[in-house]
1. Which number in (1) modelled with pLDDT of 95 or more; (2) assigned to a helix (DSSP H, G or I) marks the one condition that R99 misses?
2. Answer yes if at least one residue in the stretch 38-58 is more than 13 Å from V116 (Cβ to Cβ), touching a strand residue (DSSP E or B) at 6+ places or on another chain (Cβ under 8 Å) and assigned to a helix (DSSP H, G or I), and no otherwise.
3. Looking at I112, I105, which is the one that is touching a Lys or Arg at 6+ places or on another chain (Cβ under 6 Å), closer than 27 Å to R20 by Cβ, at pLDDT 95 or above and of a type in the set (V, I, T)?
4. Within the stretch 10-28, track down each residue that is within 11 Å of V114 (Cβ to Cβ) and either free of Cβ contacts under 8 Å to residues at least 60 places away in the same chain or of a type in the set (A, V, I, L, M, F, W, C) (or both).
5. Name the one entry in A41, A9, A63 that is modelled with pLDDT under 90, under 24 Å from D122 (Cα atoms), out of contact with any Gly (no Cβ under 8 Å at 6 or more places or on another chain) and surrounded by 12 or more Cβ atoms within 10 Å (Cβ to Cβ).
6. Tally time: how many residues in the stretch 1-37 are in a strand (DSSP E or B) and acidic (D, E)?
Amino acid sequence: MAGTKTNEAPGTRAVLRHHRMSAYKARQVLDLIRGQDVDRAEEILRSTPREAAHVVAKVLGSAVSNARNNDLLDPEELYISACFADEGTTLKRWRPRARGRATRIRKRACHITVIVSRLPDDRLERRRADRADRSAAMRSRRVAASRRAGEAAPADAPGAGVPGETEETQEATDEFAQGRKAVQTAEDAVETAEDAGAAEAEESAVHDDTGEETAQDAEAVEPDESAVQDKEAGEHVQSTEESD
């Protein structure tokens, strides 16, 4: 009894008809993804530097969409059960050659078909177990790395317990902190000097104002004393004349 034909394989399919590309070029890409999971097939197509890879990726996306919307299947549980390319219509053209002859040009086309189906239960179980093992191994590596970093760095050191920090990184951090502290000390010293200079200038200005006021007061007092002396001299002359 003959088995199931490729074009009669069960599953959800998508077909691209009359694409202007030879079936030979499309088959070279289809052979890379046949039997692969959908995720793996998409990765292969993204990394394949062929024009047919871009076309096949679109057909694969259409098949996955049909399976999700029409058959209500989970895209993460699908794989490519069958894919093939058939010959399409060939356009015939003529090219002139030497001595009045002509050569036939064949512009070929193809029909690309991709069929996706749900993974068997045993394969799904193996896939889930592999994913769980990989996630557990990754988690254990992260925990071990953080513990090693915590043991290597002292508890009271700056940045202790930070995963991935080395002695060179810690030394660079300390040097940066010391340089920052020195710069801050220099800035404080400059500010103190500026404040002292401003205070001295203000004090000198006050002294100058006080000296000017004292001189003005002295000048104002001197005329008063001369006026008193003149008055006393006039009274003395008047008393002398009266005595005579």
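The values are calculated or read from the model by the stated rules, or taken from the named source; none is laboratory data. Given the structure is predicted, the values throughout are model-derived calculations rather than measurements. Reconstructed Cβ throughout: ideal geometry from the backbone, glycine too, with neighbour counts over all protein chains shown.
1. R99 satisfies every listed condition except (1).
2. Taking every residue of the stretch 38-58 in turn, at least one turns out to be more than 13 Å from V116 (Cβ to Cβ), touching a strand residue (DSSP E or B) at 6+ places or on another chain (Cβ under 8 Å) and assigned to a helix (DSSP H, G or I).
3. After ruling out the rest, the residue left standing is I105.
4. Residues satisfying the conditions are A14, V15, L16, A26.
5. On inspection, the qualifying residue turns out to be A9.
6. Residues in the stretch 1-37 being in a strand (DSSP E or B) and acidic (D, E): 1 in total.
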